[in-house]
1. Residues that are surrounded by 15 or more Cβ atoms within 10 Å (Cβ to Cβ) and touching a residue at least 40 places away in the same chain (Cβ under 8 Å): which helices (runs of 4 or more DSSP H) entirely in the chain hold 1 or more of them?
2. How many residues, within the stretch 37-80, are over 11 Å from the mean Cα position of the chain (by Cα) and of a type in the set (A, V, I, L, M, F, W, C)?
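Computed from the coordinates by the stated procedures, all read-outs in this text should not be read as laboratory data. Predicted, not measured: the structure shown is a model, and the values here were computed from it. Note that we place each Cβ from the backbone using ideal geometry, even for glycine, and neighbour counts take in every protein chain shown.
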Amino acid sequence: MNIPLLCIPIAFGLVYAPKVALSIAMARQPEGYDNKHPRDQQAKLVGWGKRAGAAHLNGFESFAPFGVGVLVATTTGAHP
């Protein structure tokens, strides 16, 4: 089994893991989850909800370079 290739779907799942916490924080707002303007509601969050939103966006930023790096290293036969 090629462990680096297995890490790609795991990393993809980690992109969406903070979204669960972000959705909980948004639902706990007094007005509830705003499905019409979620970005406006996310901008108003503080504390752990705001950090979960930042972690979710950081996951999107880091997934593509990680996935490409793993694929290039695997196809060229690079050794860890």
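1. 3-27, 48-76
2. Number of matching residues: 12.
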